[in-house]
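First up is the structure itself, then whatever we jot down about it.
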Amino acid sequence: MSSATAERPKAAQRIHSAAKDLFHRQGIRATGIEEVCRVAEATKMSLYRTYPSKDALVAAILDEDAAAYDAWFAEATAAAATPAEKLRAVISAVADKLDRPDYCGCPLLLAQAEFRDPGHPTFRLVATHKAHIRDQLAGLAREAGAADPVLLGDMLAMLIDGAWCSLPYMGGPQAAAVLRQSAAAVLEQDRRRLEGPEA
């Protein structure tokens, strides 16, 4: 066996990688199993040996995306000294993503837009992850002493998801700028509400 063959990723890895890229760029419904196999240079038998269905392949990729988000969230907030700074760090990190010219948006939101039935496994998976994000933001808002931490967390979550959804018509740099300014205004408003009127 040549070293090139030995170093080549296994079929399951190639399938996963090809599907993730195609689903994100083209959409899940627009991408057929045949195309995934062609790009991955793998057979359908190889695909179905690892993933019993296309839905199972989609779920595996979205689970990975959700786990990657948790790692990204931890990294984005690691250097911040206080909960309030952590909230600002999350907004800044999302805005940095939006500024990248190759960024297509949140893969979980893109997937949920294709599967609107609340009973569909993909819809439920994304809803569960988004609820987790809301909880993370509300938790930081609570630690920061927000007047209404759940409301503040939801406002920031909505601004983040709104920024991602605005990419196609607003463009990354403008979406990033609007997110930064909107979040700063919301956080400042909450700070003033917490401190109360000046004596």
- Rounded to a whole %, the carbon-and-sulfur portion of the accessible area of the range 65-199 at a 1.4 Å probe is 59
- Only helical DSSP H runs with n ≥ 4 go in: add -39500 (n - 2.57) per run for the chain, normalise by residue count and round the 222 nm mean residue ellipticity to 500 deg cm²/dmol. -25000 deg cm²/dmol
- Item | 0 to 90° range, to nearest 10: angle between helix 121-143 axis and the chain longest Cα axis | 30
- Dipole of the range 91-138, Cα-centred, from +1 at each Lys and Arg C-beta and -1 at each Asp and Glu C-beta, to the nearest 20 debye? 160
- Note on the structure: Toy charge model, Lys and Arg Cβ at +1, Asp and Glu Cβ at -1: the chain dipole around Cα centroid in debye, rounded to 20, equals 540
- Message: Binning at 5 angstrom from zero up to the longest distance, how are the C-alpha pair distances of the range 1-100 distributed in percent?
- Response: 2, 12, 17, 16, 13, 11, 11, 9, 6, 3, 0, 0
- Task: Check the range 1-109 and count each lysine pair with an alpha-carbon distance under 26 angstrom, considering only pairs eight or more places apart or from different chains.
- Result: 8
- Message: Which one, PRO168, HIS120, GLY153, projects farthest toward the positive side of the charge dipole computed for the range 41-199 from Cβ point charges (K/R +1, D/E -1)?
- Response: HIS120
- Averaging sequence separations of C-alpha pairs under 8 Å and six or more residues apart, then dividing by the length of the chain, give the relative contact order as a whole percent. 19
- Query: What is the set of long-range amide H partners of THR31 at a cut-off below 5 Å, with H atoms built 1.01 Å from backbone N?
  - Reply: none
- Can you work out the accessible area per residue across the chain, with the rest of the protein chains kept in place, probe 1.4 Å, in square angstrom? 56
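What whole-number value in cubic angstrom gives the convex hull volume per residue for the C-alpha atoms of the range 132-199? Spell out each step's value before the answer.
Details: hull volume 5.2 nm³, N = 68.
Normalising the Cα hull of the range 132-199 by residue number yields 77 Å³.
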- Query: Which longest run of the chain has no exposed loop site in it, a site being trypsin sites (Lys or Arg not before Pro) in a DSSP loop with at most 12 other beta carbons within 10 Å, and the site itself not part of the run?
  - Reply: 30-115
- Report MET158's accessible area, 1.4 Å probe, all protein chains in place, as a number in Å² to the nearest 10. 150
- Item | Rounded tilt (10° steps) of 54-77 against the dominant C-alpha axis of the chain | 40
- Report, to two decimal places, the Cα Rg of the chain normalised by 2.2 N^0.38 Å (N = number of residues). 1.22
- Considering every pair of different Cα atoms, what Kirkwood radius, in Å, is found for the range 18-60? 10.2
- On a 0 to 90 degree scale, rounded to 10, what angle separates helix 172-195 from the longest Cα axis of the chain? 40
- Relative contact order %, the range 23-91, counting alpha carbon pairs below 8 Å whose residues are six or more apart: 16
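The values are calculated or read from the model by the stated rules, or taken from the named source; none is laboratory data. The structure displayed is predicted, hence computed values, not measured ones. With ideal geometry, Cβ positions are generated from the backbone for all residues, glycine too; neighbour counts draw on all protein chains shown. Quick note on the areas: whole protein, heavy atoms, side chains included, nothing else; ligands and nucleic acids left out. Shrake-Rupley method; radii C 1.70, N 1.55, O 1.52, S 1.80 Å.
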